[in-house]
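No lab work stands behind these numbers, since they all come straight from the coordinates. These numbers were taken from a predicted model, which means no experiment stands behind them. Every residue, glycine among them, receives a Cβ derived from its backbone with ideal geometry; neighbour counts consider all protein chains shown.
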Amino acid sequence: MTDDTGGRDDPTATNPDEPDDTADSRVVLAQGTFDLIHPGHLHYLSEAAAHGDELHVVVARRENVSHKPTPVCPDRQRRDVLDALAVVDAAHVGHPDDYFVPVERIDPDVIVLGFDQHHDPDAIRDQLRDRGLDCEVTRGSARDPAYDGEILSSNEIADRLVERADGE
């Protein structure tokens with residue numbers, strides 16, 4: 001279920017007619033921009049999923065991405081692509097003002113950061129503690145290319161597309 005902004009309106013809602021089997025589930029949260037999905041993203045998500053039973057992914061809103069070029073794809077599209085992946089149980093568009101709003105709603109047991117994400121794990125732990133959230137924070141591993149020419153970077157994919165367009 002989505003709201004008008006393309007985000008999940010309540011990622012923790014359950015159907016009252018179904019048994020609640022999530023009480024003992026270990027909930028994992030991953031987050032990122034996820035523009036131009038590539039094998040590095042799939043590695044990150046698979047590794048994050050291995051930390052628990054249920055993987056939620058928060059997609060950064062375009063207006064909140066300031067550490068690299070603005071995503072090419074709209075927020076909702078990036079969320080929908082992630083939601084279609086078997087490894088992802090639920091994908092959500094991030095909050096426009098506060099990174100921790102979806103974290104509070106999802107209430108994960110562990111947050112897995114990408115190996116190259118700019119976030120400071122200690123600062124995240126401090127914020128979680130200040131908000132009364134008991135949540136582990138860990139960082140995923142890098143993935144080496146499996147073969148010559150494999151691209152593991154959205155920026156590199158975009159650069160190659162620009163080079164190709166300029167060359168035609």
key: Å³ per residue enclosed by the Cα convex hull of the chain   = 134
query = Most fluctuating residue of 156, 54, 104 in a GNM of the chain with Cα springs under 10 Å: which is it?
reply = 156
ask   = For the residues 113, 55, 133, what sequence is obtained by ranking on other C-beta atoms within 10 Å, fewest first?
value = 133, 113, 55
key: Pair-distance profile P(r), taking every C-alpha pair of segment 92-138, with 10 angstrom steps and integer %   = 25, 62, 13
task = Would you mind checking which residues have amide H under 5 Å from residue 91's amide H? H placed 1.01 Å from N; only 5 or more apart, or other chain.
result = 57
task = Return the long-range amide H neighbours of residue 113 (sequence gap of 5 or more, or a different chain), with a cut-off of under 5 Å between placed amide H atoms.
result = 138, 139, 140
remark   = If each K or R counts +1 and each D or E counts -1, the residues other than residue 140 whose Cβ falls under 10 Å of its Cβ total 0
query = Do you know the relative contact order of the chain, to the nearest whole percent, from alpha carbon pairs under 8 angstrom that are 6+ apart?
reply = 25
ask   = Where Lys and Arg each count +1 and Asp and Glu each count -1, what net charge lies around residue 120 among other residues with Cβ under 15 Å from its Cβ?
value = -1
